[in-house]
Amino acid sequence: MDSLREVLEAARTNGIVAGRFRGLLHIAIGRTVTKPDGTKVSAGATWRELSALLKNLRYDPELGREAGADPDTLSPRDRERYWYAVIALARVDGADARAEADQLVEPLRAAGFVVSVPPGAAAPQATSKPKPTPKPKADKPEATEDKTKKKKK
């Protein structure tokens, strides 16, 4: 979780969060983040862990507006609960969040982090080789025929 803290701090200090906060939430929750040398930084965080991190890092509550939340109507005193509600309202699994996350990949790479492809998406392949066609099987008598010939009692 401390490594994810580095990602969130780098995103804030480099100014790449503004306008793409939902994408940052998507990356923090659902994608693997590594350093260029292959060291794993984060394999994703739970909503609870991420909301605690956002509270501890003192992220600006106004960023919740980007995610579709109104800071005036959410829990003002308990910031961890506030960020949890923002994450819930952000729809981090939606197409908008994925698109914003894709926009953050390059700026995060410049900050020293490599972000994986989204879950369920096919990884880009260097070369596309055609799959071999299966060989036809020899005709074999099927065992299921014997089962149908049995009498019912």
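The values are calculated or read from the model by the stated rules, or taken from the named source; none is laboratory data. The model shown is predicted, which means the values in this text are computed figures rather than measured ones. FYI the Cβ positions are ideal-geometry reconstructions off the backbone, even for glycines, and counts take in every protein chain you see. Side chains included, ligands, DNA and RNA excluded: accessible areas come from the protein's heavy atoms. Shrake-Rupley method; radii C 1.70, N 1.55, O 1.52, S 1.80 Å.
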A10 and E62 label points (each 7 Å along its Cα→Cβ direction) are spaced in nm at 2.7
Percent relative contact order for the stretch 1-43, counting Cα pairs under 8 Å at least six residues apart, stands at 36
The stretch 55-109 accessible area per residue, 1.4 Å probe, protein heavy atoms, integer Å², reads 61
The percentage of the accessible area of the stretch 24-116 (probe 1.4 Å, all protein chains present) made up of carbon and sulfur atoms, to the nearest whole number, is 47
Contact order relative to length for the stretch 15-112, counting C-alpha pairs under 8 Å separated by 6 or more residues, stands in percent at 38
Sequence order, the stretch 6-12: Karplus ³J(HN,Hα) from phi using 6.51 cos²θ - 1.76 cosθ + 1.60, θ = phi - 60°, Hz rounded, Gly and Pro as x, gives 4, 5, 5, 5, 5, 5, 6
For T46 and S3, extending 7 Å from Cα along the Cα-Cβ vector and measuring point to point gives, in nm, a value of 1.9
